[in-house]
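Student: Below are the structure tokens for one structure; questions will follow.
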Amino acid sequence: MNFEFPEAIRALATETRAFVTESVIPFEDDPRWGDHGPSDDLRRELNDLARRAGLFGPHIPRELGGLGLGHLDRAAVFEAAGYSLLGPVALHCAAPDEGNIHLLDQVANDDQKDRYLSPLAQGERSCFAMTEPDGAGSDPGMLRTTARPVGGDYVIDGRKWLITGARGAQFVIIMAKMQGGEADGRATMFLSPMDRPEIRIVRDMHTIDSSFAGGHCVVDFADLRLGADAVLGEVGKGFEYAQVRLAPARLTHCMRWLGAAARAHDIALRHAAKRKAFGTEIGRHEGVGFMLADNEIDMRSARLSLQEAAWRLDRGERGATVSSMAKVQCSEAIWRVVDNAVQVLGGIGISRETAVERIFREVRGFRIYDGPSEVHRWSLARKAMKRVAAEGQEDRR
Ligand SMILES: Cc1cc2nc3c(=O)[nH]c(=O)nc-3n(C[C@H](O)[C@H](O)[C@H](O)COP(=O)(O)OP(=O)(O)OC[C@H]3O[C@@H](n4cnc5c(N)ncnc54)[C@H](O)[C@@H]3O)c2cc1C
């Protein structure tokens, strides 16, 4: 196996990291970055800087104006972008837009691509509405939002929440359960502009994170009538398309958050090399040194795991199991790294004197979205049990 990125990708990652350090990090104190994410005004300014640097849209297909990177090559560039929480915003490779671009590129028809994918690729925003207060969450089968076929159209009703980027999004991808018709009871994805009166942002949710543009919202759909041209792909295939989005989107989250963890670790490492206690630099005390060493081990194994999974996606594999394993491994490793960074910094670790405090708040959610760790473990264990059942029941000694 070759563990080296091609020269052009290494150069691009280096350029991205330099851009983030020199041009993006200075915006981290910008008052336009509030509790519900960077404002669209700030986001557009950052997008312009990235465009001028030739770094906008690393994952966006070339024909849509992006750099057209494959899954593995993204790993190097997205990690470099993640070094600032605003880096992925600047490069337009943040969630949920990045995953939505991939989904539309794979599933949308030509008209839908013109109407939704092209503006999205150019810097508009979108959201993906699946999770519900009393319905779909870890168990998507509990979907309660309905789509009724009415005279060739579909009427959608339901409430979603935790919808990232809903405020300010140009359009939404809605996951709904068919009520009646041929695909009765099956999930379907619909595309709708957000500026319909039947779509209401009920409220912006107050969350511990704040790096996603448009925050996280409660959104109601009431008697939302959409034509057949709003169906993404085919009626009844919503869960299949969710899988198309899922594996790559999980991995890109791993890549971006790994960049954020690397920043937290760098800050902690520099602090440990300078700050003294009990007659020496704190990094020379075993308790601190071991935390720093554990961070380096965790980041390395997380990186290898996600890169191997990305390599499989590039080979055309679905990657459901490997991306699930990588997601658990990365989200938990990243959490440990950032938590250790806070500890090494002592009191300032929980203050806004460094970027670590914010990174700490940002990464917590990653053990929950794209499948909580427990759900991945539960599903992996079920697969292992199935495997052993297929192999036969004799004990091995
Ligand atoms: C920051 C953030 C952004 C998000 N953005 C979006 C978005 O843009 N669009 C969207 O649709 N959703 C979004 N979500 C929602 C996210 O997808 C859900 O939070 C996630 O799927 C879990 O669902 P839930 O919150 O309903 O938790 P629940 O399903 O209620 O689960 C709660 C807990 O139960 C446990 N659990 C559940 N099932 C099992 C099991 N089988 N075995 C063991 N333990 C289990 C887990 O510990 C889990 O954390 C976002 C969430 C967060 C935190």
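Student: Can you send over the carbon and sulfur percentage of the accessible area for the range 239-391, probe radius 1.4 Å, protein chains only?
Tutor: 56 percent
Student: Just to make sure I understand: if all protein chains stay in place, what is the order of 33, 378 by accessible area at 1.4 Å, largest first?
Tutor: Sorted by accessible area, descending: 378, 33.
Student: Counting pairs of alpha carbon atoms under 8 Å apart in space and at least six apart in sequence, what relative contact order in percent does the chain give?
Tutor: Result for the chain is 15 percent.
Student: While we're looking at this one, here's another question. Per-residue counts of other Cβ atoms within 10 Å, averaged by peptide: what ranking do you get for 214-226, 34-46, highest first?
Tutor: Descending mean neighbour count gives 214-226, 34-46.
Student: Can you tell me the relative contact order of the range 239-391? Whole percent, Cα pairs under 8 Å, sequence separation 6 or more.
Tutor: 29 percent.
Student: Starting from 0.36 nm per residue, how many nanometres of slack lie between residue 220 and residue 394 once their C-alpha separation is accounted for?
Tutor: 57.3 nm
Student: Now, a different point. Sequence-distant or interchain residues sharing an amide H contact under 5 Å with residue 56, placed H: which?
Tutor: When sequence neighbours closer than 5 places are left aside, the close amide H contacts are 51.
Student: Mean Kyte-Doolittle hydropathy of -0.5 or higher plus an axial Cα length of 24 Å or more: which whole DSSP H helices in the chain meet both?
Tutor: Within the chain the helices that satisfy the rule are 238-274, 286-314, 320-345.
Student: In whole angstrom, note down how far apart the Cα centers of the range 320-397 and the range 215-258 are.
Tutor: The range 320-397 and the range 215-258 have Cα centres spaced 23 Å from each other.
Student: If you don't mind, another one. Percentage of Cα-Cα pair distances in the range 7-94 greater than 20 Å, rounded to whole percent?
Tutor: 28 percent
Student: Per-residue HN-Hα couplings for the range 53-62, Karplus 6.51 cos²θ - 1.76 cosθ + 1.60 at θ = phi - 60°, whole Hz, x for Gly and Pro?
Tutor: So the J values, rounded to whole Hz, are 7, x, 10, 5, x, x, 8, 6, x, 4.
Student: Output ³J(HN,Hα) for the range 134-151: one whole-Hz value per residue in order, computed from phi by the Karplus curve 6.51 cos²θ - 1.76 cosθ + 1.60 with θ = phi - 60°, and x for Gly and Pro.
Tutor: 10, x, 4, x, 4, 9, x, x, 8, 3, 10, 5, 10, 10, 9, x, 9, x
Student: Hey, any idea what the orientation-averaged projected area of the convex hull of the chain's Cα atoms comes to, in nm²?
Tutor: 22.9 nm²
Student: Can you give the net charge of the other residues whose Cβ lies under 12 Å from the Cβ of residue 43, counting K and R as +1 and D and E as -1?
Tutor: Around residue 43, the surrounding residues sum to -4.
Student: Under a 1.4 Å probe, what is the accessible area of the chain per residue, stated in Å²?
Tutor: With all protein chains present, the chain gives 47 Å² per residue.
Student: At 10 °C and a viscosity of 1.306 mPa s, what translational diffusion coefficient does Stokes-Einstein give for the range 10-52, taking Rh as the Kirkwood radius over Cα pairs? Give it in µm²/s as a whole number.
Tutor: Answer from the Stokes-Einstein relation: 143 µm²/s.
Student: OK, next. Just round it to a whole percent: the fraction of Cα-Cα distances in the range 239-391 exceeding 25 Å.
Tutor: Pairs farther apart than 25 Å: 37 percent.
Student: With the contact rule set at Cα under 8 Å and sequence spacing of 6 or more, what percent relative contact order holds for the range 7-94?
Tutor: Taking the mean separation of contacting Cα pairs over the length of the range 7-94, I get 38 percent.
Student: Residue 238: net charge of surrounding residues, Cβ under 13 Å, Lys/Arg +1, Asp/Glu -1, itself excluded?
Tutor: +2
Student: Loop-only GluC sites (Glu not before Pro) in the range 224-298, please: DSSP not H, G, I, E or B, and at most 15 other Cβ atoms within 10 Å.
Tutor: Counting only loop positions with at most 15 other Cβ atoms within 10 Å, the GluC sites (Glu not before Pro) in the range 224-298 are 234.
Student: Protein chains only, probe 1.4 Å: how do 335, 311, 257 rank by accessible area, largest first?
Tutor: Correct descending sequence by accessible area is 311, 335, 257.
Student: Count charges around residue 74 for me, please; just the other residues with Cβ under 12 Å from its Cβ, Lys/Arg as +1, Asp/Glu as -1.
Tutor: With Lys, Arg at +1 and Asp, Glu at -1, the net is -3.
Student: Under 5 Å between amide hydrogens, which residues at least 5 positions from residue 69 or on another chain qualify, with H placed 1.01 Å from N in the peptide plane?
Tutor: 59, 60
Student: Report Rg (one decimal) and Dmax (nearest whole number) for the range 126-235, counting Cα atoms only, units Å.
Tutor: Considering the range 126-235 through its Cα atoms, Rg and Dmax are 13.4, 44 Å.
Student: What FRET efficiency, computed as 1/(1 + (r/R0)^6) with R0 = 51 Å and r the Cβ-Cβ distance, is obtained for residue 286 and residue 204, rounded to the nearest 0.05?
Tutor: FRET efficiency, residue 286 to residue 204: 0.65.
Student: Sorting 142, 1, 385, 299 by accessible area (1.4 Å probe), largest first, what list results?
Tutor: Sorted by accessible area, descending: 1, 385, 142, 299.
The values are calculated or read from the model by the stated rules, or taken from the named source; none is laboratory data. All of these numbers come straight from a predicted model, not from anything done at the bench. Heads up, the Cβs are rebuilt from the backbone with ideal geometry, glycines too, and the neighbour counts pull from every protein chain shown. Surface areas here come from the heavy atoms of the whole protein model, side chains and all, with no ligands, DNA or RNA. Shrake-Rupley method; radii C 1.70, N 1.55, O 1.52, S 1.80 Å.
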